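Colleague: There's a structure below that I have some questions on.
The values are calculated or read from the model by the stated rules, or taken from the named source; none is laboratory data. Because the structure is a prediction, the values reported are computed rather than measured. When we count neighbours, we look across all protein chains shown, and the Cβ atoms used for this are built from the backbone with ideal geometry, even at glycine. SASA here: full protein model, heavy atoms, side chains in, ligands and nucleic acids out. Shrake-Rupley method; radii C 1.70, N 1.55, O 1.52, S 1.80 Å.
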There are 2 protein chains.
Amino acid sequence: MARIPGLSIDPASDAPVYRQIADGIRAALDEGRVRPGDRLPPTRALARQLGVNRNTVVAAYDLLAGEGVIRSRTGQGTFLTGGAEPLDPGAVEAGAAAAEEGWSGSFSRAVDGPGVERLMSVYRVAISNRGISFAGSYPAGELLPIDDFRGAIDDVLAERGPEVLAYGPTAGDPGLREALVATMRRNGSTLAADNVVITNGAQQALSLVFRTLLDPGDEVLVEDPTYTGALSVLGSLGARVVGVPADDEGPRPDALAAALERHRPRLMYLQPTFHNPTTRVMPEARRREVLALAARHHCAVVEDDWAADLRFEGEAPPTLHALDGGRHVLYLSTFSKKLMPGLRIGWIAAPFEVARRVVALKQIADCGTSPLLQAALVRFMERGSLDRHLDRIRAAYRERRDAMLRSLGRHLPEGVRFTRPAGGLFLWVTLPGGLDSGELFVAARQRGVLFSRGALFHIDGRGVDTMRMTYASAAPDRIDEGVRVLGELVRERLADAGRGGGERVMESVPVL
Amino acid sequence: MARIPGLSIDPASDAPVYRQIADGIRAALDEGRVRPGDRLPPTRALARQLGVNRNTVVAAYDLLAGEGVIRSRTGQGTFLTGGAEPLDPGAVEAGAAAAEEGWSGSFSRAVDGPGVERLMSVYRVAISNRGISFAGSYPAGELLPIDDFRGAIDDVLAERGPEVLAYGPTAGDPGLREALVATMRRNGSTLAADNVVITNGAQQALSLVFRTLLDPGDEVLVEDPTYTGALSVLGSLGARVVGVPADDEGPRPDALAAALERHRPRLMYLQPTFHNPTTRVMPEARRREVLALAARHHCAVVEDDWAADLRFEGEAPPTLHALDGGRHVLYLSTFSKKLMPGLRIGWIAAPFEVARRVVALKQIADCGTSPLLQAALVRFMERGSLDRHLDRIRAAYRERRDAMLRSLGRHLPEGVRFTRPAGGLFLWVTLPGGLDSGELFVAARQRGVLFSRGALFHIDGRGVDTMRMTYASAAPDRIDEGVRVLGELVRERLADAGRGGGERVMESVPVL
């Protein structure tokens, strides 16, 4: 095939070009414009046609290969397979196929144990931004403060190049740790720089803190639903995950007390503010109840405050870390959502006895986070660029939230419930009449609209009538267009009541 | 104390300023210019005195606090303790002290198990560059191609800012993976981009690949001595490490066969080229023998090729990965030594069944390495900057190796043996007459000269008469000066024969 019919890229889209290409090829397959077995154009040719760098096309093909949508054969080219089934190890190119001999049964329980299915599905992440995406929890790409950050990097390289390009302290840049201490103290926390460890985003913070505290078989309490990335780590460690029923204010104290009594968990994992995915905020009184229960049962609390600084209205309740005096609470947060995911910078604040062990694991995990990016971030903050950026995105996200609320009110039928979060990146929707968001997902995707199925965040696959919709990464007019499509699809399904819930689909997992 | 007597920084030194300050304070303590209990100047005051940024002083204090050399008391200031003993948890400031309640017995086996002592000691890493350092294995700071790299970052940010500051593919930048495939193919390897996973340096590559293959109690064969960072990961995983006796060509085939027979290990960890710390290179025939034995016993081989591209003379034997056709060998390498540690970029090449599991672990470990730094590295390579840099540092390292060899020949007495590596960053020295390099270390440090004790690389603390000396990070005249000091100290000790080996010391562990 010399070209893929109908494939084009939208320079105005906030989706990375390689994702647009991958999505376009997937759409061409879905819509019958290309067929399984067809040979794709060589990367160089397609790059020329689309006017993009060849590496961009390579990235798109690579993404599709990872999903099993395409497959290359040495010396023959790249071919479409039947769809998004997992890669057949016998079908990859000859060299690689030979390489697979003898590996079965060779893997650790971390990758072959009970958590493996969830773990493997993580690899198939393919948040698609073709059309209109309410999936993923990404900050708005077009609002990133690129020039300010480039200036910070340039200055740091010019002034301290050899230092920031060498190994740095394992626990992180001292200036960054001090800046985080100062911020957290303003929010009522008691801590010093020794309590802070810089990590590669909140995901590494979770990974390190769970590995510091958990052995296989240990029990862990979580809100259910909860962040899939936390569940994946827990699965890889062989932890036993217990979901605690919640009401509108967070985990129910009676249920929490019973679970603590029964399971004697080593820790509980909580997102008290703008909980992912439900957007719930735990009021201060509930926070105090939860902390009292945790202390009584000697259960550590991992507070994931990923949405700190993304509140655009109202007053924030104190963090668990502040309320607890930093005694039993291990606090983590990130710059990925409030600034830029590509930095890969997050942090943990923990009692020193925990923090020093986290640092030891960090050292053997990767010898420390890039000193260059940390130093540039410090410079960026010192100049006030972070504060200016936060003002800007909070205003933008409020506008987008309002746009999505208006559009939901306008286009969705009676009975659809949705939250009205005072911050964060998304809202949480519950469908009426037992409608299945999995089936809706497939239909919406064919119309170019994406969201995250609620079931993905549940421990046991419940929540099929729920969905998470990110407002942060689309402009208001696109939001209205996408919600309008969803409204049509929901109305069709309600009109044809009772049909929902039959068909099950597999799709990519939004872990972020 | 308003100032620290004798403390100064050397702008011409290649040591980061914060390390110079920390080293200067440690030296002042060692030499009695300051005493335990003395209050240090406030960071702001010391920064002004030294004419440095306050954060630099904060970093120095932080390093010393991590080593237990100093301690802060809230509202009172920062004080010198008695020395480098581990921090007493009861002695940290009140808030932190309160925070320690109830944590004992709370930790996982990863941080409290058999590997814990080694693991904790890792935190005390404090490669000191005061005076003349032959410790650590750092590339030369003054040779880093800072301007070229800044240009690459600037261009990538200008052209693809939103993309490289967003989340990237978990397995790594497709362009970087392709570039690595191309390089490895030129070296005879069979592989495709799907076989390559980008990691945060070789340390993360080791951590991920070991976690992919090992459960607690699994046996692993290693060369003894070997890289301490690998031993730390194995310790944290609860693996049982078995050292294989070696001759000048690598692990002895008879010993390897016996160990494979007896222990049925899941994997063996090898550095066939410029082995750290012995600098040994395995000839091709031995490589083939080792691979044949591994294949016969279904034992995976982890090939750590950290010094690839750092050969400055002679012909490189084929990698194990190339000889094996990528079937049983998991290959890893890094840009930390040949380019810049601060990038934190390394990679694994592995059979796809392994690579996809590594990617899953990578996703839950940290959601991927910074796309910005990866994209900048690709740009840097595309422009030929890496090749130019390699030409430059290979010439410089050869010159420095020759300088160290000359100085060793000139200043060290008969009976001291040392290797003559054709590449890499350091050489390996064996002392005569049972001299203890630990005792020598303490004496040398007081004279401002550092090296790495050989015992640190041994599984069981043997090798007390060995030392690793890095030539790469000091200029030739400094090398001669440092070796001259070592020569004097060794001669003194040989003259006073029989005294060595009595005193044991603790010092920082060079894990890199």
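Colleague: Do we find that A:Arg286 is in a helix (DSSP H, G or I), over 30 Å from A:Asp148 (Cα atoms) and basic (Lys, Arg) in this structure? Lay out the reasoning, then the answer.
Modeller: Numbers: in a helix (DSSP H, G or I): yes; over 30 Å from A:Asp148 (Cα atoms): yes; basic (Lys, Arg): yes.
Criteria met by A:Arg286.
Colleague: Which residues, taken from the stretch B:40-77, are closer than 24 Å to B:Asp10 by Cα and assigned to a strand (DSSP E or B)? Quick ask: steps written out before the conclusion?
Modeller: Here is the first cut: in the stretch B:40-77, the residues closer than 24 Å to B:Asp10 by Cα are B:40-67, B:69-70.
The one that is closer than 24 Å to B:Asp10 by Cα and assigned to a strand (DSSP E or B): B:Ile70.
Colleague: Consider B:Thr430 against the criteria (1) surrounded by 24 or more Cβ atoms within 10 Å (Cβ to Cβ); (2) of a type in the set (S, T, N, Q); (3) at pLDDT 95 or above: it satisfies all of them except one. Which criterion is unmet?
Modeller: Going through (1) surrounded by 24 or more Cβ atoms within 10 Å (Cβ to Cβ); (2) of a type in the set (S, T, N, Q); (3) at pLDDT 95 or above one by one, B:Thr430 breaks only (1).
Colleague: Considering only the stretch B:204-227, how many residues are more than 7 Å from chain A (Cβ to nearest Cβ), surrounded by fewer than 24 Cβ atoms within 10 Å (Cβ to Cβ), in contact with a helix residue (DSSP H, G or I) (Cβ under 9 Å, 6 or more places away or on another chain) and more than 30 Å from B:Thr466 (Cβ to Cβ)? Give the steps one after another, and end with the answer.
Modeller: Pass one, the stretch B:204-227, residues more than 7 Å from chain A (Cβ to nearest Cβ): B:205-206, B:208-210, B:216-227.
Adding the requirement that they be surrounded by fewer than 24 Cβ atoms within 10 Å (Cβ to Cβ) leaves B:216-219, B:224.
Checking the rest, the ones that are also in contact with a helix residue (DSSP H, G or I) (Cβ under 9 Å, 6 or more places away or on another chain) come to B:216, B:219, B:224.
If we keep only those that are more than 30 Å from B:Thr466 (Cβ to Cβ) as well, we get B:216.
The qualifying residues number 1.
Colleague: Still on this model: Residues in the stretch A:181-192 that are surrounded by fewer than 24 Cβ atoms within 10 Å (Cβ to Cβ) and part of a helix (DSSP H, G or I): how many?
Modeller: Within the stretch A:181-192, residues that are surrounded by fewer than 24 Cβ atoms within 10 Å (Cβ to Cβ) and part of a helix (DSSP H, G or I) number 5.
Colleague: Which residue pairs have Cβ atoms under 8 Å apart, sit 6 or more places apart or on different chains, and have a first residue in the stretch B:396-421 that is at positive phi and a second that is assigned to a helix (DSSP H, G or I) and surrounded by 14 or more Cβ atoms within 10 Å (Cβ to Cβ)?
Modeller: Qualifying pairs under 8 Å: B:Gly415/B:Leu494.
Colleague: Given (1) within 23 Å of A:Ala193 (Cβ to Cβ); (2) at pLDDT 95 or above; (3) open to solvent by less than 30 Å² (accessible area, probe 1.4 Å), identify the lone condition not met by A:Met381.
Modeller: Failing condition for A:Met381: (3).
Colleague: Any chance you could count how many residues in the stretch B:141-152 are open to solvent by less than 10 Å² (accessible area, probe 1.4 Å) and farther than 17 Å from A:Asn55 by Cα? I'd like the intermediate steps shown before the answer.
Modeller: Initially, the stretch B:141-152 is screened for residues open to solvent by less than 10 Å² (accessible area, probe 1.4 Å), giving B:149, B:152.
Add one more test, that the residue is farther than 17 Å from A:Asn55 by Cα, and what stays is B:149.
Selection size over the stretch B:141-152: 1.
Colleague: What are the residue pairs meeting all of these: first residue in the stretch B:455-484, first residue over 13 Å from B:Leu427 (Cα atoms), second residue assigned to a helix (DSSP H, G or I) and of a type in the set (Val, Ile, Thr), Cβ atoms under 8 Å, and 6 or more apart or on different chains?
Modeller: Once the first residue is over 13 Å from B:Leu427 (Cα atoms) and sits in the stretch B:455-484, its partners that are assigned to a helix (DSSP H, G or I) and of a type in the set (Val, Ile, Thr) give B:Leu456/B:Thr228; B:Phe457/B:Thr228.
Condition check ((1) of a type in the set (A, V, I, L, M, F, W, C); (2) assigned to a helix (DSSP H, G or I); (3) out of contact with any strand residue (DSSP E or B) (no Cβ under 7 Å at 6 or more places or on another chain)) across all residues:
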| position | (1), (2), (3) |
| --- | --- |
| B:Arg150 | no, yes, yes |
| B:Glu163 | no, yes, yes |
| B:Thr170 | no, no, yes |
| B:Gly175 | no, yes, yes |
| B:Leu208 | yes, yes, no |
| B:Pro216 | no, no, yes |
| B:Val222 | yes, no, no |
| B:Leu231 | yes, yes, no |
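Colleague: Also, quick follow-up: Give me the pairs, please: first residue somewhere in the stretch A:242-262 and farther than 22 Å from A:Thr419 by Cα, second residue anywhere and open to solvent by 80 Å² or more (accessible area, probe 1.4 Å), beta-carbon distance under 7 Å, and either six or more positions apart or on two chains.
Modeller: Filtered contacts from the stretch A:242-262: A:Pro253/A:Glu289.
Colleague: Another one. Assess whether A:Ala365 counts as being over 25 Å from the mean Cα position of the chain (by Cα) and either assigned to a loop (DSSP other than H, G, I, E, B) or closer than 16 Å to A:Gln204 by Cβ (or both). Even if it seems obvious, please write down each step before you answer.
Modeller: Details: over 25 Å from the mean Cα position of the chain (by Cα): no; either assigned to a loop (DSSP other than H, G, I, E, B) or closer than 16 Å to A:Gln204 by Cβ (or both): yes.
For A:Ala365, the condition - over 25 Å from the mean Cα position of the chain (by Cα) and either assigned to a loop (DSSP other than H, G, I, E, B) or closer than 16 Å to A:Gln204 by Cβ (or both) - is not met.
Colleague: Checking the condition of a type outside the set (D, E, K, R), touching a Gly at 6+ places or on another chain (Cβ under 8 Å) and open to solvent by 10 Å² or more (accessible area, probe 1.4 Å), which residue from B:Ala395, B:Ala349, B:Ala422 passes? Step through it out loud before you land on a result.
Modeller: Working: B:Ala395 fails: touching a Gly at 6+ places or on another chain (Cβ under 8 Å); B:Ala349 fails: open to solvent by 10 Å² or more (accessible area, probe 1.4 Å).
When all the criteria are applied, what remains is B:Ala422.
Colleague: With the structure loaded, tell me whether B:Ser407 is open to solvent by less than 10 Å² (accessible area, probe 1.4 Å), small (Gly, Ala, Ser) and within 14 Å of another protein chain (Cβ to nearest Cβ) or whether it fails that test.
Modeller: Details: open to solvent by less than 10 Å² (accessible area, probe 1.4 Å): yes; small (Gly, Ala, Ser): yes; within 14 Å of another protein chain (Cβ to nearest Cβ): no.
Spelling it out, it is not the case that B:Ser407 is open to solvent by less than 10 Å² (accessible area, probe 1.4 Å), small (Gly, Ala, Ser) and within 14 Å of another protein chain (Cβ to nearest Cβ).
Colleague: Is it the case that the stretch A:288-298 has a residue that's surrounded by 21 or more Cβ atoms within 10 Å (Cβ to Cβ) and on the phi > 0 side of the Ramachandran plot?
Modeller: no
Colleague: Of all residues in the stretch B:301-329, which are open to solvent by 10 Å² or more (accessible area, probe 1.4 Å), hydrophobic (A, V, I, L, M, F, W, C), modelled with pLDDT of 95 or more and not in a helix (DSSP H, G or I)?
Modeller: Across the stretch B:301-329, the qualifying residues are B:Trp306, B:Phe312, B:Ala316.
Colleague: While we're here: Let me confirm something: among A:Glu261, A:Glu249, A:Glu284, which residue is within 27 Å of A:Ala355 (Cβ to Cβ), more than 9 Å from chain B (Cβ to nearest Cβ) and open to solvent by 20 Å² or more (accessible area, probe 1.4 Å)? Give the steps one after another, and end with the answer.
Modeller: On the way: A:Glu261 fails: within 27 Å of A:Ala355 (Cβ to Cβ); A:Glu249 fails: within 27 Å of A:Ala355 (Cβ to Cβ).
Going through A:Glu261, A:Glu249, A:Glu284 in turn, just one is within 27 Å of A:Ala355 (Cβ to Cβ), more than 9 Å from chain B (Cβ to nearest Cβ) and open to solvent by 20 Å² or more (accessible area, probe 1.4 Å): A:Glu284.
Colleague: Considering the stretch A:141-177 alone, what residues qualify as being of a type in the set (Lys, Arg) and more than 8 Å from every other protein chain (Cβ to nearest Cβ)? Even if it seems obvious, please write down each step before you answer.
Modeller: Just the residues of the stretch A:141-177 that are of a type in the set (Lys, Arg), to begin with: A:150, A:160, A:177.
A:Arg160, the sole residue that qualifies.
Colleague: I've got another one for you. Find the residue count for the stretch A:335-362, including only residues that are under 26 Å from B:Thr334 (Cβ atoms), assigned to a loop (DSSP other than H, G, I, E, B) and at the interface with chain B (Cβ under 7 Å from one of its Cβ atoms).
Modeller: Adding up the residues that qualify gives 2.
Colleague: Can we say A:Arg357 is buried (at least 24 other Cβ atoms within 10 Å of the Cβ), in contact (Cβ under 8 Å) with a residue 60 or more places away in the chain and at negative phi? It would help to see each step written out before you state the result.
Modeller: Working: buried (at least 24 other Cβ atoms within 10 Å of the Cβ): yes; in contact (Cβ under 8 Å) with a residue 60 or more places away in the chain: yes; at negative phi: yes.
So A:Arg357 passes the test.
Colleague: For B:Phe134, state whether it is over 22 Å from B:Arg379 (Cα atoms) and either open to solvent by 10 Å² or more (accessible area, probe 1.4 Å) or within 24 Å of the chain's Cα centre (by Cα) (or both). Reasoning before the result, please.
Modeller: Values: over 22 Å from B:Arg379 (Cα atoms): yes; either open to solvent by 10 Å² or more (accessible area, probe 1.4 Å) or within 24 Å of the chain's Cα centre (by Cα) (or both): yes.
When the stated conditions are applied, B:Phe134 passes them.
Colleague: Please pick out the residue among B:Gly188, B:Gly201, B:Gly243 that is in contact with a Cys (Cβ under 7 Å, 6 or more places away or on another chain) and either at positive phi or more than 8 Å from every other protein chain (Cβ to nearest Cβ) (or both).
Modeller: B:Gly201
Colleague: Just for the stretch A:17-62: of the residues that are more than 23 Å from B:Arg160 (Cβ to Cβ) and hydrophobic (A, V, I, L, M, F, W, C), which one is surrounded by the fewest Cβ atoms within 10 Å (Cβ to Cβ)?
Modeller: Applying the first criterion (more than 23 Å from B:Arg160 (Cβ to Cβ)) to the stretch A:17-62 yields A:27-40.
Now restrict to residues that are hydrophobic (A, V, I, L, M, F, W, C): A:27-29, A:34, A:40.
Details: A:Ala27: 20, A:Ala28: 18, A:Leu29: 22, A:Val34: 21, A:Leu40: 22.
Within the stretch A:17-62, the match that is surrounded by the fewest Cβ atoms within 10 Å (Cβ to Cβ) is A:Ala28.
Colleague: Restrict the check to the stretch B:290-298 and report whether at least one residue is farther than 23 Å from B:Tyr471 by Cα and basic (Lys, Arg).
Modeller: Here is the first cut: in the stretch B:290-298, the ones farther than 23 Å from B:Tyr471 by Cα are B:290-298.
Within this subset, residues satisfying the condition of being basic (Lys, Arg) are B:296.
Within the stretch B:290-298, one or more residues are farther than 23 Å from B:Tyr471 by Cα and basic (Lys, Arg).
Colleague: From A:Leu332, A:Leu386, which residue is more than 9 Å from every other protein chain (Cβ to nearest Cβ), outside any helix (DSSP H, G or I), hydrophobic (A, V, I, L, M, F, W, C) and more than 25 Å from A:Pro162 (Cβ to Cβ)?
Modeller: Details: A:Leu386 fails: outside any helix (DSSP H, G or I).
Of A:Leu332, A:Leu386, the one residue that is more than 9 Å from every other protein chain (Cβ to nearest Cβ), outside any helix (DSSP H, G or I), hydrophobic (A, V, I, L, M, F, W, C) and more than 25 Å from A:Pro162 (Cβ to Cβ) is A:Leu332.
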